[in-house]
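The values are calculated or read from the model by the stated rules, or taken from the named source; none is laboratory data. Here the structure is a predicted model, which is why all the values come from computation and not from measurement. Please note: Cβ atoms are built from the backbone with ideal geometry, for glycine as well, and neighbour counts cover all protein chains shown.
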Amino acid sequence: MKKYQVAIIGTNIGAKHFEDFQKVSERFNVHTLCGLTREAIDKLLQSNTDTKVSLNFDDILKDKEIDIIDICLPPHLHFSACKKAMEAGKHVICEKPLVSSLKEVDVLEKISKENGKIIFPVFQYRYGLGFSQLKELIKSDLAGKPLVSSLETHWNRGKDYYSKPWRGTWKGEQGGAILSHSIHIHDLVSMVLGPVSNVFAKLTTRVNDIEVEDCAALSIEMKNGSLVTSSITLGAANDTSRLRFCFEGFTAESGASPDKPYNPADDKWDFLPRAPITKTQIDEVLSKVKEPKSWYAGMFEEIAKKLDGSPSDEVTLLDARKSLEFVTAVYDSSRQNKNIKLPINKDNPLYDSWLPK
């Protein structure tokens, strides 16, 4: 199997990527770390002497040894970095949000097809034992019809978090809690229940002195007819992510461990049978689910499979597009105070950008 050479661009969330690449070291080697300062990079590398150091993104693009560029930069830099990387002949991994409009997603899709290079958007919440169990139960036909679901993204973000000048601004962060925080949990709902049909959204800023929203309440209808509510705040006492899916055959509840707010797929899940489905039937399915690699490591493993040409469960560019289509609809709904149907077409005023005029 080929061992893929990766360059990580950015040392903030890039530190988490660097850590998890070590968990799949048989498939990936972090060839280079690129950041603004040597001090930030050295802090990450510590005793690792195999990884090269760069302070220049353009040098990374020219390095023929590098297969993948992993973009861990602030959101407003994602589009240009992805574009340059693919045009330089590299595959791309890019943190969320992938880009800042549906128009930019479509431009990247065109470049990807023209250059034969793949963009792997980051949705690491998908990977963990709990979600593997839920997916197997759904495949087993024990779930039946989905009825209602509820989501909580109740996190704590204050002055320290917003001390970085680009955060909390439309220009730098490109959005608030909808884009930077609850984007993961909404992706999970689409992964489990399929496409969104329509959404009604109320957004407000109640916690911090920032430009973008930090609280939200969403009412969502899925194309399969099931209903979803999503509650979001950055003013909670701690960080809690919680999901609850009510199917005909059972109810699935994620844990809400205070030490796992950012990987609910890897938290302990409860699956509560509803007659005529029994606990024995559920336990039989769960007993056959092997524990996968989780979080970024699980995502990276699926990327390697895709690049190998093997069956894989990677996050696709279409997944990112659906996510940003939902974000666009949420901002559109909030500003018009009306229910917005999906998909979002090119004639929608927010197709080019959801940033306020």
A careful count of residues in region 43-57 that are surrounded by 10 or more Cβ atoms within 10 Å (Cβ to Cβ) and within 21 Å of Gln5 (Cβ to Cβ) gives 9
Per the filter on region 217-259, residues surrounded by 21 or more Cβ atoms within 10 Å (Cβ to Cβ) and without any contact (Cβ under 8 Å) to a residue 40 or more places away in the chain are Ile220
Among helices (runs of 4 or more DSSP H) entirely inside region 258-357, those with 3 or more residues being more than 23 Å from the chain's Cα centre (by Cα) are 279-286
For region 59-88 the number of residues that are within 24 Å of Lys171 (Cα to Cα), free of Cβ contacts under 8 Å to residues at least 12 places away in the same chain and out of contact with any strand residue (DSSP E or B) (no Cβ under 9 Å at 6 or more places or on another chain) is 1
Counted residues in region 99-126 being within 14 Å of Glu314 (Cβ to Cβ) and among the hydrophobic types (A, V, I, L, M, F, W, C) come to 5
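Just checking, how many residues over region 46-67 are among the acidic types (Asp, Glu) and assigned to a helix (DSSP H, G or I)? It would help to see each step written out before you state the result.
Of region 46-67, the ones among the acidic types (Asp, Glu) are 50, 58-59, 63, 65, 67.
Keeping just the survivors that are assigned to a helix (DSSP H, G or I) gives 58-59.
Going through region 46-67 one residue at a time, the tally reaches 2.
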Is one or more of the residues making up region 158-166 out of contact with any Leu (no Cβ under 7 Å at 6 or more places or on another chain) and crowded, with 21+ Cβ neighbours inside 10 Å?
no
Counted residues in region 8-35 being more than 20 Å from the chain's Cα centre (by Cα) and under 12 Å from Val53 (Cβ atoms) come to 6
Of the residues in region 91-104 that are over 15 Å from the mean Cα position of the chain (by Cα) and in contact (Cβ under 8 Å) with a residue 60 or more places away in the chain, the one that is nearest to Leu61 (Cα to Cα) is His91
If you go through Asp266, Asp308, the only one that is surrounded by fewer than 17 Cβ atoms within 10 Å (Cβ to Cβ) and acidic (Asp, Glu) is Asp308
Answer yes or no as to whether Asp70 is more than 21 Å from Leu324 (Cα to Cα), outside the structural domain of Ser180 (by TED's automatic domain parsing), under 17 Å from the mean Cα position of the chain (by Cα) and not polar (S, T, N, Q). no
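How about region 170-196: which of its residues are surrounded by fewer than 16 Cβ atoms within 10 Å (Cβ to Cβ) and of a type outside the set (D, E, K, R)?
Gly194, Pro195
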### Message
Yes or no: region 51-68 includes at least one residue that is of a type outside the set (D, E, K, R) and in contact with a Pro (Cβ under 7 Å, 6 or more places away or on another chain).
### Response
no
Filter region 200-216 for residues that are free of Cβ contacts under 8 Å to residues at least 60 places away in the same chain and in a strand (DSSP E or B); the one that is surrounded by the most Cβ atoms within 10 Å (Cβ to Cβ) is Cys215
Inside region 1-46, the number of residues satisfying the requirement of being of a type in the set (A, V, I, L, M) and either within 20 Å of Ala88 (Cβ to Cβ) or at pLDDT 95 or above (or both) is 7
